[in-house]
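Chemist: Dumping the structure here so I can ask a few things about it.
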Amino acid sequence: MAQLTPARARICPACDGFASVKVTLGGRDRRGHLRTITAHCPACHGTGTARPARTARIEVAA
């Protein structure tokens with residue numbers, strides 16, 4: 001019986017799947033909370049996945 005192989009995950013090559021990160025700006029505000037910003041991967045726009053590869057379309061002349 002044939003074994004089916006699962007499809008490979010389409011992980012973004014630019015961020016390796018870690019698409020959004022919180023970066024601390026250093027220091028704390030008056031309440032004691034860390035000041036942070038969210039940075040998104042510019043290649044995948046924060047999704048962590050890459051676009052599917054385009055399939056080649058081959059036309060055969062009859």
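Chemist: Kindly rank 19-31, 37-49 from highest to lowest mean number of other beta carbons found within 10 Å of each residue.
Modeler: On the way: 19-31: 9.8, 37-49: 13.7.
Ranked from most to least packed, the peptides come out as 37-49, 19-31.
Chemist: Test of understanding: what is the full-extension gain from L25 to A9, defined as 0.36 nm times their sequence separation minus their Cα-Cα distance? Can you show the working numbers first?
Modeler: On the way: separation 16, 0.36 × 16 = 5.76 nm, distance 3.29 nm.
Here the answer is 2.5 nm.
Chemist: By how many nm would the segment from F18 to T49 grow when fully extended, if each residue of separation counts as 0.36 nm and the alpha-carbon distance is taken off?
Modeler: Working: separation 31, 0.36 × 31 = 11.16 nm, distance 0.94 nm.
10.2 nm is the gain from fully extending F18 to T49.
Values quoted throughout were computed directly from the atomic coordinates according to the rules given, and no laboratory measurement underlies them. Predicted, not measured: the structure shown is a model, and the values here were computed from it. FYI the Cβ positions are ideal-geometry reconstructions off the backbone, even for glycines, and counts take in every protein chain you see.
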